[in-house]
Amino acid sequence: MATERRVIVCTGSPGNGRDDILNEMRELTTFNYYHLFEYIVEEARLDDTNLTKLNILDFYDSSPERMEAYHKAAIHKITQEIGKRPGTHIVSTPLHFEWKGNRFQGLHDDEIKALNPDMIAIIFDDILRVRKRLGQDMQWQEHTFTLGEIANWRREEIKLAYHHANLFTPRPEIQLIAYENGPEFLQDVIWSHGREKVYLSHPITGESETILNDIYEFGNTLSEYYVVFDPYMIKDWNTVEAWRRTVNAAIEAGEPRPTKLNFTMEYKSGAIHEEIDAIELEASIKNLRFQIIDTDYKLIENSAMVVVYHPRAAISAGVMCEMVYAKALAKMVYVYYPYEPSPFFEWYSTRIFTEENELRDFLIKESKVTGQTPLDIYSGEPRE
């Protein structure tokens, strides 16, 4: 029996850790890996042109026609290699970047059509860590990037990924993966082995680390049966919320608006401490707020269902909005809420469980992994 051939285009604008996470994933599993940059460098070498990380951006700018020729030759070679062997093939490239005021695309429409991907996976990190990573990269470190620029790059990256996906009928699967999730999660997304993808909706603002850890552990107990997307892995919200709290505290104290934000961001790899100028931060905040909502909604769109973990009585506005959005997309919304619900909260829930274990047991029993018809108790469809 022939092994299935799958093509994954893995994107993410520079500084988001795309190739770092792919290289880590190569230590966990086997796949065919194509770094588009390396193929372009090889095509240039065959034309007696020496391209490196240090000069390729200027070459993009000064010799666009030659660069396009190398680019298309590289894509052609990759598609030929993909066609020669089965298995999973992952092509890594940014879709959008800017240099000296010009905008460049990592893939054009004809090139994505030639690759014909089964999935487009977008790797993204929060803008503070992206800026730090760019400052340490020899390719980008000569330029000082504002937080607003980095936020714009990510917005354009995601926009282009969806544009490329919409060129196909049916549309290939598209997923957004926060860098903080790590290589194991990316592996789960690509090789889900029949597990459905679930969006875990829960309160974030004002929650203690203990509660957030409980929510994380709940999602982790489902990981054998589902691929669970947790919005708390996207850390930009922490920056927006830290600034909101700082400004509100100044207003309540009758003090001048702060000129800087000093705060600590917690990551799996440890905490980092940041001091950000208020003018720069506020210039990026509006963009970030839009992206936070847009990203969460896209995660819901790309998931089979929404699971709400809501251990406190006061309803989170964000959770409520996600429930409304999910219901509008005809998604099932299963809720853990140990209190008497409001009519609105109940209206947008498919089913509410007052015990955490009851929700967990229900989801495990109804998962595809257990062989059940998934989460169809209200659909009227007969069970297998």
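Structural remarks
- Simple spin-label estimate for residue 221 and residue 192 in nanometres, 7 Å along Cα-Cβ: 2.3 nm
- Counting only DSSP beta bridges with both residues in the range 5-190, the antiparallel share comes to about 15 percent.
- Annotation for the range 139-184 versus the range 1-32: alpha-carbon center distance of 15 Å.
- Peptides 241-248, 16-23, 334-341 ranked from most to least packed, by the mean per-residue count of other Cβ atoms within 10 Å: 16-23, 334-341, 241-248.
- The range 315-369 shape via C-alpha gyration tensor axes, a/c threshold 1.5: oblate
- Cα gyration tensor category, rounded, prolate or oblate, for the range 222-281 with a/c compared to 1.5: prolate
- Alpha-carbon centroid distance for the pair the range 260-278 / the range 59-104, whole angstrom: 35 Å
- Computed from the C-beta positions of residue 4 and residue 271, the FRET efficiency with R₀ = 51 Å rounds to 0.75.
- Cα-Cα separations in the range 5-190 greater than 24 Å, expressed as whole percent: 36 percent
- Straight-distance candidates among the aspartates and glutamates for linking to residue 327, with alpha-carbon spacing under 15 Å and chain neighbours fewer than 8 residues away dropped: 296, 301, 346, 376.
- By definition, a body whose alpha carbon gyration tensor gives a ≥ b ≥ c is oblate when a/c is 1.5 or more and a/b is not larger than b/c, and the chain fits this oblate description.
- DSSP beta bridge pairing in the chain, given as percent antiparallel to the nearest 5: 25 percent
- Share of alpha-carbon pairs per 5 Å distance bin for the range 124-239, given as whole %: 2, 9, 16, 17, 19, 16, 12, 7, 2, 0
- Ellipticity at 222 nm from helices only: DSSP H runs of n ≥ 4 in the chain, each -39500 (n - 2.57), divided by the residue count, give -14000 deg cm²/dmol.
- Cβ-defined net charge surrounding residue 173, 14 Å radius [Lys, Arg +1; Asp, Glu -1]: +1
- For the set 260/298; 132/235; 132/286; 260/286; 53/132; 72/298, the pairs lying more than 24 angstrom apart at their alpha carbons are 260/298; 72/298.
- Set of lysines near residue 365 by C-alpha distance (under 20 Å), chain-local residues within fewer than 8 positions excluded: 197, 331
Each value in this text was obtained by applying a stated rule to the coordinates, not by laboratory testing. Worth saying up front: this structure is predicted, and the values here are computed from it rather than measured. As a convention, Cβ positions derive from the backbone with ideal geometry for all residues, glycine included, and neighbour counts pool all protein chains shown.
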